[in-house]
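Working notes, structure below.
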Amino acid sequence: MIRVVLPAHLRTLAHVDGEVKLDVDGRVTQRSLLDALEASYPMLRGTIRDQVSQQRRAFVRFFACEEDLSHEPPGAPLPDAVATGAEPFLVVGAMAGG
């Protein structure tokens with residue numbers, strides 16, 4: 001089971017409390033994890049990544065194992081601790097403004 005922590009506004013949209021737990025078939029990458037998340041929670045399609053280009057939205061960041069994974073290639077494997085469920089994959093809404 002992969003553990004995913006969503007920001008509050010996406011948890012509200014998906015009607016979930018706390019962490020989301022997902023089964024990911026095959027290699028665990030950002031792409032496969034987000035595919036599984038959107039398959040389980042279709043209302044999240046287009047909120048984390050663009051529906052056409054599949055690129056991460058500008059004000060969304062990904063973290064795991066105390067590392068910023070936002071600029072890693074979508075097909076790169078996620079850390080083993082995430083793949084085994086020992087550590088969560090964090091989806092974080094970036095702060096902006098002045």
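In the stretch 67-98, whose amide N lies under 12 Å from the spot 7 Å out along Cα-to-Cβ of residue 1? List them in ranges. In the stretch 67-98, the label zone of residue 1 (backbone N under 12 Å from the point 7 Å along Cα→Cβ) covers 85-86. Taking the chain as a Gaussian network of alpha-carbon nodes connected by springs under 10 Å, the highest mean-square fluctuation of the residues 42, 74, 88 belongs to 42.
Pick out, in residue order, every one of the trypsin sites (Lys or Arg not before Pro) in the stretch 1-91 that is DSSP loop and has at most 16 other C-beta atoms within 10 Å; say none if there are none. Taking the stretch 1-91 and a limit of 16 other Cβ atoms within 10 Å, the loop trypsin sites (Lys or Arg not before Pro) found are 27, 45, 57. Taking 35, 25, 68 in turn, the Gaussian network model of the chain (Cα-Cα springs below 10 Å) assigns the largest fluctuation to 25.
Computed from backbone phi, the HN-Hα couplings of the stretch 35-41 come to 4, 5, 4, 5, 5, 6, 10 Hz, rounded to whole numbers (Karplus: 6.51 cos²θ - 1.76 cosθ + 1.60, θ = phi - 60°; Gly and Pro given as x).
Surface listing: 43, 95, 1 arranged by accessible area from highest to lowest gives 95, 1, 43, probe 1.4 Å.
In this label model, residue 50 and residue 21 are separated by 3.6 nm, measuring between points 7 Å along each Cα→Cβ vector. How much of the accessible area of the stretch 35-85, in percent, comes from carbon and sulfur atoms when a 1.4 Å probe is used? The value for the stretch 35-85 is 51 percent carbon and sulfur by accessible area.
Under a 5 Å amide H cut-off, with hydrogens placed 1.01 Å from N, residue 89 pairs with 3, 4, 5 among residues at least 5 apart or on other chains. Counting only Cβ charges, +1 for Lys and Arg and -1 for Asp and Glu, the dipole size of the chain around its Cα centre is about 340 debye. Once the Cβ-Cβ distance between residue 80 and residue 59 is put in as r, and R0 is 22 Å, what FRET efficiency do you end up with, to the nearest 0.05? The formula returns an efficiency of 0.15 here.
The values are calculated or read from the model by the stated rules, or taken from the named source; none is laboratory data. Bear in mind the structure is a predicted one, so any value in this text is a computation, not a measurement. Ideal geometry is used to build each Cβ from the backbone, glycine not excepted, and the neighbour counts take in all protein chains shown. Accessible surface is based on the protein model in full, side chains and every heavy atom, while ligands, DNA and RNA are left aside. Shrake-Rupley method; radii C 1.70, N 1.55, O 1.52, S 1.80 Å.
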